[in-house]
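Take a look at the structure below.
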Amino acid sequence: MKNETVVAVVTLIVLAAIVFAVVQIYPAIGLAGLRDIAIIILVLESFIVTLLLAIVVVLLWQLVTMLKKEIKPVLASARQTADTVKGTTTFVSDGLVAPLIKAYSLSSGVLGTFRGLIRKMGRKGGKSHVR
């Protein structure tokens, strides 16, 4: 930060010295001539800035166009992948998980029934070993 301030002050001093030297060396030009030169420099600067801005706008337009062309296939691929995942989960759910849940619930029901019967029989005929 300190170096930048020093550079800015030195630059201003150098520019002031150049303006003073031009006025002293060419007194006929005077301040009106310096004004005209400054106007010409500002016009050239404005032209260059406008040209660069136009280039940036064109490049942004090309970028947006390219992104539109590139994103459509990517979105289509993502949609296809999502559909594949959805189909796979449906297949696994219907073909593996649902029958497994049914089998587990059936076996739990049968086991519960046997436990109940054994307890009932154990009360009539003695102690039961099943808990």
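What does the charge count around LEU75 come to, taking other residues whose C-beta lies under 13 Å from its C-beta (Lys +1, Arg +1, Asp -1, Glu -1)? Walk me through the numbers before you get to the answer.
Values: positive: LYS68, LYS69, LYS72, ARG79; negative: GLU70, ASP83.
Net charge around LEU75: +2.
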>> How tilted is helix 2-25 with respect to the longest principal axis of the chain? Cα atoms for both, answer in degrees (0 to 90, nearest 10).
In response: 20
> When the chain is treated as a GNM, springs tying every alpha-carbon pair under 10 Å, which of VAL49, VAL23, VAL58 comes out with the largest mean-square fluctuation?
Replying inline: VAL23
> Given MET121, LEU51, GLY109, which one lies farthest toward the positive end of the charge dipole of the chain, if we put +1 on the Cβ of every Lys and Arg and -1 on the Cβ of every Asp and Glu?
Replying inline: MET121
> With the Cα gyration tensor of segment 1-90 giving a ≥ b ≥ c as the square roots of its eigenvalues, does the rule (a/c under 1.5 for rounded; else a/b larger than b/c for prolate; else oblate) give rounded, prolate or oblate?
Replying inline: oblate
>> If I fit a long axis through the Cα atoms of helix 98-125 and take the longest principal axis of the Cα atoms of the chain, what angle between them do I get, 0 to 90°, rounded to 10?
In response: 40
> Size of the dipole of the chain about the Cα centre, Lys and Arg at +1 and Asp and Glu at -1 on the beta carbon, nothing else charged, in debye to 20?
Replying inline: 2460
> When the chain is modelled as a GNM with alpha-carbon springs shorter than 10 Å, which of GLN24, GLN80, GLN62 fluctuates the most?
Replying inline: GLN24
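Since every read-out is calculated from the coordinates, none of them should be taken as a lab result. From a predicted model like this one, the values you see are computed outputs, not experimental measurements. Methodologically, a virtual Cβ is constructed for each residue, glycine included, from the backbone with ideal geometry; neighbour enumeration extends over all protein chains shown.
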